[in-house]
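Working notes for the structure below.
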Amino acid sequence: MRENGFRVTVVPAHTTAEEVLGMKPDGVFLSNGPGDPATLTDIHREVAALIGKVPMFGICLGHQIISHALGAKTFKLKFGHRGANHPVKDLRTGKISITSQNHGFAVDPDTVPDDVEITLMNLNDNTVEGIAHKTLPIFSVQYHPEAAPGPRDPQYLFQDFKQMIASRGL
């Protein structure tokens, strides 16, 4: 994040939406972490309270939490995604990125609400790799763009977040 010009304040996972908004952030980034995203209902609620109030970008577990906060559900993969060679297709541009992944859950595409677009797909098993809200400044990806497994394929995501914050499309 800092490499992309962001000033970063790290807060614990159980920080309330009210506390986050009290910091007057330009944007909220939800990072990766361990565990079953479906069990984090308190965090889903707090993230849902941020929707429409601040731009958000999530990766890995952050992607799954944002998905839950927007109304989608997750499921446990039979075989988790591990490693630095997962092809992911951007459904809007057709571009394929080689990504680094380390997770055992995925977003159920049948539960993604109508106001949320599935933007990225894993080409190995056709699981959801990214979403974006159709009208609010919120997007997320399942993989680890900070890991830069290919020739820095997914680094554009941090610039997209920076532009989202600059436009404050709320």
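The values are calculated or read from the model by the stated rules, or taken from the named source; none is laboratory data. Here the structure is a predicted model, which means the values were calculated and not measured. Reconstructed Cβ throughout: ideal geometry from the backbone, glycine too, with neighbour counts over all protein chains shown. These accessible areas exclude ligands, DNA and RNA; they are computed on the full protein's heavy atoms, side chains included. Shrake-Rupley method; radii C 1.70, N 1.55, O 1.52, S 1.80 Å.
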Q.
Please report, in whole Å³, the volume per residue of the convex hull around the C-alpha atoms of the chain.
A. 107 Å³
(Q) I'd like the accessible area for Glu19: 1.4 Å probe, protein heavy atoms, all chains in place, Å² to the nearest 10. (A) 100 Å²
Q.
Per DSSP helix of 4 or more residues, -39500 (n - 2.57); summed, then divided by the residues of the chain. What does that give at 222 nm, rounded to the nearest 500?
A. -6500 deg cm²/dmol
Q: From largest accessible area down, sort Glu146, Glu18; use a 1.4 Å probe on the protein chains.
A: Glu18, Glu146
Q: Take every Cα pair under 8 Å in the chain that's 6+ residues apart, average their separations, divide by the length, and report that relative contact order as a whole percent.
A: 22 percent
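Within segment 1-70, which trypsin sites (Lys or Arg not before Pro) sit in a loop by DSSP and count at most 12 neighbouring Cβ atoms inside 10 Å?
Details: sites: Arg2, Arg7, Arg45, Lys53; in loops: Arg7, Lys53.
For trypsin sites (Lys or Arg not before Pro) across segment 1-70 that sit outside H, G, I, E and B with at most 12 neighbouring Cβ atoms in 10 Å, the list reads Arg7.
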Q) In a GNM of the chain with a 10 Å cut-off on Cα contacts, which of Gly22, Gly58, Gly35 has the highest mean-square fluctuation? A) Gly22
Q: Let me know the charge dipole size of the chain about its Cα centre in debye, to the nearest 20, where only the beta-carbon of Lys, Arg (+1) and Asp, Glu (-1) is charged.
A: 320 debye
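Which value, in debye to the nearest 20, describes the size of the charge dipole of segment 98-142 about its Cα centre when Lys and Arg Cβ atoms bear +1, Asp and Glu Cβ atoms bear -1, and nothing else is charged? Could the numbers behind the result be given before it?
Details: 1 positive and 7 negative charges, 37 e Å.
Dipole size: approximately 180 debye.
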Q | Binned Cα-Cα distances of segment 1-94, short to long, each 5 Å bin given as a whole percent | A | 3, 11, 21, 22, 18, 14, 8, 2, 0
